[in-house]
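Below: one structure, written as structure tokens.
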Amino acid sequence: MSEPARPVLIQGGMGVGVSGWRLARAVAATGQLGVVSGTALDVTLARRLQRGDPGGHLRRALACFPVPEVAERVLGRYFVPGGSGRDVTYRPVPRLGLRYSRARDELAVVANFAEVFLAKEDHDGPVGVNYLEKIQLATPAAAYGAMLAGADFVLVGAGIPAEIPRLLDDLAEHRTARLSVSVAGAEGHTAGIDPVELLGHRLTPLARPRLLAIVSSHVLAAYLARSPATRPDGFVIESPVAGGHSAPPRGRMVLDAAGEPVYGPRDEVDLGKVAALGLPYWLAGGYGTPGGLERAWAAGAEGIQVGSAFALCRESGLDPVLRRRLRERTAHRALQVRNDPRASPTGFPFKIAEVEGTVSEPEVYEARPRLCDLGYLRSPYARPDGSIGYRCPAEPVDVYVRKGRPAEEADGRRCLCNGLLAAIGLGQHRADGYDEPPLLTLGQDTAFLDGLPDDHSAADVVAHLLLGALR
């Protein structure tokens, strides 16, 4: 099988379900790289099945899973014919952890398979999947499911993806694949998957997807490129204005008058040094307007990655009401996007779009009961007795303190897991009647709507960005 051509334009993998299969398929159908977000696909699949799988798309994908009995077990656990309705509490899914769980791995593999399968339907364009290195416990099973569906690219950011090349090599051959897991106070822990044990037999070898490491430093790029064991197939070089998580400034954190991190000369990427590594690279963050592609080419890049313009298009997974509200505020230059150094439990700065009715509003944030019931951003730690516990700065403060951390670490933290699910219409309705409020993220360069039609499509964005671009 020939390798997919290098794309000029990469559609960013955004949020939980914002870059869903519909968006990725629409972009890939134009010949550019459509990307699904691989974050928390297990819970999004489970909740959509509990909603009755409108349109039957997920069941169509699961009917093509290579080991039918695995997909049938997932359907049996979560599918509700006719749907459970918005006012019913969703059934929980197994939480990430170091202890083995067959049900958790089956759900993750099947969910990632379904998302990539649907994104690749009815066209020959390239499709990728985006993962956060920070969520180490999820990656082996998730990546295997995406590869079973034929993902062409894997993109990994929010960390140092040094072990991902070996992981993809092992998964392509259905070998047991493992990643090191950071455990506070202990070493030597890993998370992994044994494909043969999980599926019951060894399948034929898979095509190994190309790996793009999302980085914000030429130093990190050089570190990854230094050895065949850690070298990706290319880089996405992300600037601090890109949406979602961004790398913290190098050195001591300094905040401006608005309380946002200050980036300086040490944070500027030397693209000459990146080019010298001999690997293709794409530029992201502030390139989503006409002329952005030409600027990237002039800097030696293969092309650009764009997120926010796609986040607000018709095929986006955002709740339509929230998407319309974001569009209107952005079009009128009334949207404020804050790079909040405290919001994310990861400790990375996180862009929060300030929209009424979301947890960007202090009163909405304060009214939300603190809890961590999804746990994708929990961190494992060693207890005094040697057992493993899990903690998250967004959980109740007293609980976090009992787990050995200072209370000030929890100050201002938002529950990204629940907030991002609510942003795509899958927020939890709790037994006491409380509905999870949404959390919205977008890039800080909001000029991307200029020249796009109202209620634009993904194809409109591609045409807009490529307009007049000549090599």
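The values are calculated or read from the model by the stated rules, or taken from the named source; none is laboratory data. Predicted, not measured: the structure shown is a model, and the values here were computed from it. No Cβ is skipped: glycine too gets one built from the backbone with ideal geometry, and neighbour counts run over all protein chains shown.
Starting from the range 260-274, take each residue that is within 20 Å of R342 (Cβ to Cβ) and list its partners that are charged (D, E, K, R), counting only C-beta distances under 7 angstrom and pairs at least six apart or across chains.
Cβ pairs passing all conditions: E260/R338; V262/D256; D267/R250.
Assuming G286 fulfils every condition listed in (1) assigned to a loop (DSSP other than H, G, I, E, B); (2) modelled with pLDDT of 90 or more; (3) closer than 21 Å to A353 by Cβ; (4) not charged (D, E, K, R) apart from one, which condition is it?
(2)
Can you find a residue that is within 26 Å of the chain's Cα centre (by Cα) and part of a strand (DSSP E or B) anywhere in the range 292-303?
For the range 292-303, residues within 26 Å of the chain's Cα centre (by Cα) and part of a strand (DSSP E or B): present.
Within the range 425-468, restricting attention to residues that are farther than 30 Å from E366 by Cα and in contact with a Pro (Cβ under 8 Å, 6 or more places away or on another chain), which residue is modelled with the highest pLDDT?
Per the criteria, the residue is D460.
Got at least one residue in the range 86-102 being under 26 Å from A63 (Cα atoms), within 15 Å of the chain's Cα centre (by Cα) and either crowded, with 24+ Cβ neighbours inside 10 Å or at pLDDT 95 or above (or both)?
The answer is no; no qualifying residue exists.
Within the range 296-314, take every residue that is touching a residue at least 12 places away in the same chain (Cβ under 8 Å) and surrounded by fewer than 21 Cβ atoms within 10 Å (Cβ to Cβ) and give me the one that is farthest from G128 (Cα to Cα).
A299
Out of the range 415-427, which residues are farther than 18 Å from P396 by Cα and assigned to a loop (DSSP other than H, G, I, E, B)?
Selection gives I424, G425, L426, G427.
Conditions tested, residue by residue: (1) of a type in the set (D, E, K, R); (2) closer than 25 Å to A40 by Cα; (3) out of contact with any Leu (no Cβ under 7 Å at 6 or more places or on another chain).
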{"position": "P396", "(1), (2), (3)": "no, yes, no"}
{"position": "Y400", "(1), (2), (3)": "no, yes, yes"}
{"position": "A407", "(1), (2), (3)": "no, no, yes"}
{"position": "L440", "(1), (2), (3)": "no, yes, no"}
{"position": "Q444", "(1), (2), (3)": "no, yes, yes"}
{"position": "D450", "(1), (2), (3)": "yes, no, yes"}
{"position": "L465", "(1), (2), (3)": "no, no, no"}
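Say whether the condition of being touching a strand residue (DSSP E or B) at 6+ places or on another chain (Cβ under 7 Å), at pLDDT 95 or above and among the basic types (K, R) is met by at least one residue in the range 68-84.
Among the residues of the range 68-84, not one is touching a strand residue (DSSP E or B) at 6+ places or on another chain (Cβ under 7 Å), at pLDDT 95 or above and among the basic types (K, R), which makes the answer no.
Can you tell me which of G243, G150, G159, G234 is in contact with a Leu (Cβ under 9 Å, 6 or more places away or on another chain), at pLDDT 95 or above and surrounded by 17 or more Cβ atoms within 10 Å (Cβ to Cβ)?
Answer to the check: G234.
Name the one entry in E121, E115 that is among the acidic types (D, E), at negative phi and in a loop (DSSP other than H, G, I, E, B).
Matching residue, one of E121, E115: E121.
Any idea which residue in the range 169-203 is surrounded by the most Cβ atoms within 10 Å (Cβ to Cβ), counting only those that are among the charged types (D, E, K, R) and touching a residue at least 24 places away in the same chain (Cβ under 8 Å)?
R178
Restricting to the range 419-435, name every residue that is surrounded by fewer than 24 Cβ atoms within 10 Å (Cβ to Cβ) and either over 20 Å from L23 (Cα atoms) or not hydrophobic (A, V, I, L, M, F, W, C) (or both).
G425, G427, Q428, H429, R430, A431, D432, G433, Y434, D435
What are the pairs with Cβ atoms under 7 angstrom where one residue, in the range 338-364, is without any contact (Cβ under 8 Å) to a residue 60 or more places away in the chain and the other, located anywhere, is among the charged types (D, E, K, R)? Sequence gap at least six, or different chains.
E354/R338
Restrict the check to the range 347-361 and report whether at least one residue is within 23 Å of the chain's Cα centre (by Cα), polar (S, T, N, Q) and not in a strand (DSSP E or B).
yes
Suppose we filter P228, P240, P232, P165 for residues that are under 16 Å from E133 (Cβ atoms) and part of a loop (DSSP other than H, G, I, E, B); which single one remains?
P232
Please identify the pairs in which a residue from the range 217-231 that is within 14 Å of E163 (Cβ to Cβ) has its Cβ atom under 9 Å from the Cβ atom of a residue that is acidic (D, E) and assigned to a loop (DSSP other than H, G, I, E, B), counting only partners at least 6 apart or on another chain.
A229/E163; T230/E163
Give L33, L45 a once-over and let me know the one that is closer than 20 Å to A149 by Cα and touching a Pro at 6+ places or on another chain (Cβ under 7 Å).
L33
Kindly indicate whether any position in the range 68-80 is in a helix (DSSP H, G or I), under 22 Å from D152 (Cβ atoms) and either among the hydroxyl-bearing types (S, T, Y) or in contact with a Phe, Trp or Tyr (Cβ under 9 Å, 6 or more places away or on another chain) (or both).
No, the range 68-80 has no match at all.
Considering E115, E133, E121, which residue is surrounded by 22 or more Cβ atoms within 10 Å (Cβ to Cβ) and of a type in the set (D, E)?
Only one candidate qualifies: E115.
Give the number of residues within the range 307-325 that are modelled with pLDDT under 90 and assigned to a helix (DSSP H, G or I).
Qualifying residue count, the range 307-325: 1.
Which residues, taken from the range 21-43, are buried (at least 24 other Cβ atoms within 10 Å of the Cβ) and either in contact with a Gly (Cβ under 6 Å, 6 or more places away or on another chain) or within 13 Å of S457 (Cα to Cα) (or both)?
Result: L23, A24, A26, V27, A28, L33, V35, S37.
Among what's in the range 396-409 and is touching a residue at least 12 places away in the same chain (Cβ under 8 Å) and under 18 Å from V183 (Cβ atoms), pick the residue that is nearest to the chain's Cα centre (by Cα).
The residue in question is E409.
From V35, V27, which residue is outside any helix (DSSP H, G or I), under 14 Å from V116 (Cβ atoms) and β-branched (V, I, T)?
Going through V35, V27 in turn, the sole match is V35.
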